[in-house]
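Coordinate-derived values only; no laboratory data. Everything quoted here is computed from the prediction, not taken from an experiment. Note: ideal-geometry Cβ built from the backbone for every residue, glycine included; neighbour counts use all protein chains shown.
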Amino acid sequence: MIEVLITDPCELTGVISAVAVAIAKSVPDNDELEIWSLAFIQLATTLDTITAQRILLAKREQGERDQANIENEEIVNPSIIL
């Protein structure tokens, strides 16, 4: 598992910028650099899609657990309606 040790958003931005500069310096051909840029965009978009799906599934699972808890509570402590 990859653990991100940088917790400061400004520091993270600085690290990302430094990596971008290092890649740009090591890839002098603009066409090749553009391919790398597009590949990283695709990577970021794919990670966003995976994250969004995980969040959606977690919300659904939490909703199902909440509903089950409500139903169990109603069985254990039925309300008396007069």
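Available extension along the chain between residue 67 and residue 3 is 19.7 nm, counting 0.36 nm per residue and deducting the alpha carbon span.
Considering only 35, 23, 70, the Gaussian network model of the chain with Cα springs below 10 Å gives its largest mean-square fluctuation to 70.
Comparing 12, 33, 43 in a Gaussian network model of the chain where C-alpha atoms under 10 Å apart are linked, the largest mean-square fluctuation is found at 12.
Considering only 32, 61, 71, the mean-square fluctuation computed in a Gaussian network model of the chain, springs between alpha carbons under 10 angstrom, is largest for 71.
Put simply, the chain fits an ellipsoid with semi-axes of 50, 15, 8 Å; these come from the alpha carbon gyration tensor as the roots of five times its eigenvalues, largest first. Label zone (residue 36, point 7 Å along Cα-to-C-beta; backbone nitrogen cut-off 11 Å) within the range 5-22: 19-22.
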